[in-house]
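Structure, as C-alpha cells:
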Amino acid sequence: MRILPAAGRAAVPWSNGGGLTREIAAHPPGAGWEAFAWRVSLADVTRDGPYSPLPGVRRILTVVDGAGLELTVDGAVHRLPGRLRPFAFPGAAATGSRLLGGPVVNLNVMCREGRATAAVTVVRGTREVAPGPRTTAVLVAVAGDTWLGAMAGEPGVRLGRYDAAVWDGQADATAPVAVRTDGAAALIELSVVNGAAATGR
C-alpha cells in the first residue's frame, strides 16, 4: 500500500481555463494523456463551460465539494445536485457543465476503453476492502477523516481530506483492509485488461 498525501500535488490548468486538475494516480505510473490505461484526479471547477472531448475514454465524475453540477451529455441534461453521487459517461460525448451554486471539486476517474474498467463507490462508516487479482484499489478521503488498518484491531493509518491510498489485489488469500471513516471516502476499483494492475504515483 502507498499513501499519497494531498499536499504537494501539482495543479495543472485546463486547456480552456475553466479549472485546475491534480492527478492522484495513473497506470502506467506517470503516463501522459495518450498513454494512460486509467487515471484518477481531483479537479477544481470554477466556471461553466465545455469538457474537452476524450474519444475512447470512459469517465466517472463524482462531485466531492460544492453545491453540484448540471451536465449536458450529447444533448441530454443530467442534474447532479449535492455531493458523492458517481456519474458515468463516455468521454467522446459532447459534454458541457453548469455550476449549480458556485465552484465545485470533482473526483474524476478515466479509463481507456478496452484497456481498463472502473467502479466508484462511496464508503461511510466501516467497510472491508479486498481487491481481487489484477485489480487496484484507490481510496480518497473526501469528507472528514479516514483510517486504514486490519480488522484485527491495528491502529491504522489516518488519511486527511483528499489524501489517498493505493494498493493492489493479490492472487492468493490476503487479509482485507479495513476502511473506517467519520465522514466519507471514495473507493475506486480499477481492473486492467491484458495486463497486471500497477500502483499509481
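Considering only residues in the stretch 2-21 that are part of a loop (DSSP other than H, G, I, E, B) and either among the hydroxyl-bearing types (Ser, Thr, Tyr) or on the phi > 0 side of the Ramachandran plot (or both), the one that is most open to solvent (accessible area, probe 1.4 Å) turns out to be Ser15.
Answer yes or no: is there a residue in the stretch 48-61 that is under 15 Å from the mean Cα position of the chain (by Cα) and farther than 23 Å from Thr136 by Cβ. The answer is no, given that none of the residues of the stretch 48-61 is under 15 Å from the mean Cα position of the chain (by Cα) and farther than 23 Å from Thr136 by Cβ.
If you filter the stretch 130-153 down to residues that are over 16 Å from the mean Cα position of the chain (by Cα) and in a strand (DSSP E or B), you find that the one that is surrounded by the most Cβ atoms within 10 Å (Cβ to Cβ) is Leu148.
When the stretch 162-186 is examined, which residues are found to be modelled with pLDDT under 95 and assigned to a loop (DSSP other than H, G, I, E, B)? Of everything in the stretch 162-186, those that are modelled with pLDDT under 95 and assigned to a loop (DSSP other than H, G, I, E, B) turn out to be Gly169, Gln170, Ala171, Asp172, Ala173, Thr174, Ala175, Pro176. Looking at the stretch 66-88, is at least one residue touching a strand residue (DSSP E or B) at 6+ places or on another chain (Cβ under 9 Å), closer than 27 Å to Arg158 by Cα and of a type in the set (Asp, Glu)? No; the residues of the stretch 66-88 include none that is touching a strand residue (DSSP E or B) at 6+ places or on another chain (Cβ under 9 Å), closer than 27 Å to Arg158 by Cα and of a type in the set (Asp, Glu).
Listed by position, the strands (runs of 3 or more DSSP E) enclosed by the stretch 22-111 that each have at least 2 residues that are among the hydrophobic types (A, V, I, L, M, F, W, C) and open to solvent by 10 Å² or more (accessible area, probe 1.4 Å) are 76-81, 87-90. Among what's in the stretch 112-127 and is of a type outside the set (S, T, N, Q), assigned to a strand (DSSP E or B) and closer than 22 Å to Trp38 by Cβ, pick the residue that is modelled with the lowest pLDDT. Among those residues, the one meeting the criterion is Arg127. For Arg124, state whether it is in contact (Cβ under 8 Å) with a residue 24 or more places away in the chain and open to solvent by 40 Å² or more (accessible area, probe 1.4 Å). Yes: the conditions hold for Arg124.
The values are calculated or read from the model by the stated rules, or taken from the named source; none is laboratory data. None of the values given here were measured: they were computed from a predicted structure. Please note: Cβ atoms are built from the backbone with ideal geometry, for glycine as well, and neighbour counts cover all protein chains shown. Remember, those area values only see protein heavy atoms, side chains included, never the ligands or the DNA or RNA. Shrake-Rupley method; radii C 1.70, N 1.55, O 1.52, S 1.80 Å.
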